[in-house]
Amino acid sequence: MEIPNGCLDTHNCPAQSMAPLPADDFPEPDEDLFEDAPLYEHFRFTADRKQSLLRIDKFLIDRMPHVSRNRVQMAADASCILVNGKAVKSNYRIKPLDVVSIVMERPRYETEILPEDIPLSVVYEDDCLLVVNKPAGLVVHPGHGNYTGTLVNALAFHLKDDPGYDPSNPAVGLVHRIDKDTSGLLVIAKKAEIKTHLGAQFFNRTTQRKYHAVIWGIPKENDGRIEGHIGRDPHDRLQMTVFPDGSQGKSAVTHYHVLEWLGYVSLVECRLETGRTHQIRAHMKHIGHPVFNDARYGGDRILKGRTSSAYQQFVRHCFDTCPRQALHARTLGFVHPATGETLFFDSELPADMQQLIAKWTHYVNNINA
């Protein structure tokens, strides 16, 4: 889900009959804001008993005067508007006693976002936006168990002197996000209109994004296309699974290219055609090549290679070298909303992934010596 963060300017809108959904134990979504991420109710409106038939976009505009019809329609297209618990389009006609909810991919902030002096790697910044290179281990949004020490807190400090930036206002800030233990590039909007424009680019899939990952094994093909619906695992709601028959979940397509074979692992580049929670991780597990040291999807076990104790010890050292899933958001490209210029950014692999690749390269060279 790519639109919710910027589709509605709800900062000044009163909530009616507000009843937030529980936020306990939800995982931090991976690979940006995807449609299968957990949703949280931010606003709720109940039609009265004498409500006449009325398009839902008009119904919401009447109750949220700071929101444009275009943003309401974008929210409906992104399945962010529910009526009686089911997503509806903007032409839905409200009926008496209908319960309308506006949901987003992050919990409603119950407390003020406090600025924290957390180091940021800023790779680009102007009056409208900035691009940062997030390190692994840094949570993006405050949430259950992580109310401080997040990227949002770091941005609040970095932009504390910008009078137009309110870290508690969902109309500005992060346009997309990546998982806590995934590193890489993210774009942040300083103004509401900038976030709306960037959000539309992500929603329409016109951005340029590639990930680098170390995976277990060597794919049969140097270039491949993985297609399979992705949805929440019915046996473990903290992870996603692939439903090849399309019976559950939503369509997902990942393109990969093998950059380097490293014995029992490979370095691959992944391009997402769609955006689903944990898409790369779930798809790679599905084809038998989990991301290296991905504890959620079984990549933290020795899945390929030898049975010797020396090899087992070598792999354990590799796990220690890169103590998280070996996944990095390497490139990011988009059109600047204000200037129309196409911006493109590339980030080096972080030190832990570079060291991991170096270890496997050394191992392969010794085997072939």
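The values are calculated or read from the model by the stated rules, or taken from the named source; none is laboratory data. Because the structure is predicted, anything quoted here is derived from the model rather than measured. Neighbour counts run over all protein chains shown; Cβ positions are idealised from the backbone, glycine included. With ligands, DNA and RNA removed, areas are computed over all heavy atoms of the protein, side chains included. Shrake-Rupley method; radii C 1.70, N 1.55, O 1.52, S 1.80 Å.
Quick one: what pairs do we get from the range 336-349, first residue over 15 Å from Tyr211 (Cβ atoms) and open to solvent by 70 Å² or more (accessible area, probe 1.4 Å), second part of a loop (DSSP other than H, G, I, E, B) and of a type in the set (Asp, Glu), C-beta under 9 Å, 6+ apart or different chains? Once the first residue is over 15 Å from Tyr211 (Cβ atoms) and open to solvent by 70 Å² or more (accessible area, probe 1.4 Å) and sits in the range 336-349, its partners that are part of a loop (DSSP other than H, G, I, E, B) and of a type in the set (Asp, Glu) give Thr339/Asp126.
Within the range 255-270, is even one residue open to solvent by 30 Å² or more (accessible area, probe 1.4 Å), free of Cβ contacts under 8 Å to residues at least 40 places away in the same chain and not acidic (Asp, Glu)? Looking for residues that are open to solvent by 30 Å² or more (accessible area, probe 1.4 Å), free of Cβ contacts under 8 Å to residues at least 40 places away in the same chain and not acidic (Asp, Glu), one finds at least one in the range 255-270, hence yes. Filtering the range 40-82 to residues that are in a loop (DSSP other than H, G, I, E, B), farther than 17 Å from Pro96 by Cβ and open to solvent by 70 Å² or more (accessible area, probe 1.4 Å) leaves Pro65, His66. Checked against (1) surrounded by 14 or more Cβ atoms within 10 Å (Cβ to Cβ); (2) out of contact with any Pro (no Cβ under 9 Å at 6 or more places or on another chain); (3) of a type outside the set (Gly, Ala, Ser); (4) part of a loop (DSSP other than H, G, I, E, B), Arg205 passes all but a single condition, namely (1).
Is it the case, given these coordinates, that Thr277 is over 18 Å from Lys210 (Cβ atoms), in a loop (DSSP other than H, G, I, E, B) and free of Cβ contacts under 8 Å to residues at least 12 places away in the same chain? Answer is no for this residue. Candidates are the residues of the range 84-101 that are open to solvent by 60 Å² or more (accessible area, probe 1.4 Å), in a loop (DSSP other than H, G, I, E, B) and of a type in the set (D, E, K, R); the one that is modelled with the highest pLDDT is Lys95.
Checking each residue in the range 186-214 for being touching a His at 6+ places or on another chain (Cβ under 9 Å), among the aliphatic types (A, V, I, L, M) and closer than 30 Å to Ser266 by Cβ picks out Leu186, Val187, Ala213. For the range 308-345, a residue qualifies if it is part of a helix (DSSP H, G or I) and among the aromatic types (Phe, Trp, Tyr), and the qualifying residues are Tyr311, Phe314, Phe319. Hey, does the range 283-298 have a residue that's in a strand (DSSP E or B), open to solvent by 40 Å² or more (accessible area, probe 1.4 Å) and not β-branched (Val, Ile, Thr)? No: the range 283-298 contains no residue that is in a strand (DSSP E or B), open to solvent by 40 Å² or more (accessible area, probe 1.4 Å) and not β-branched (Val, Ile, Thr).
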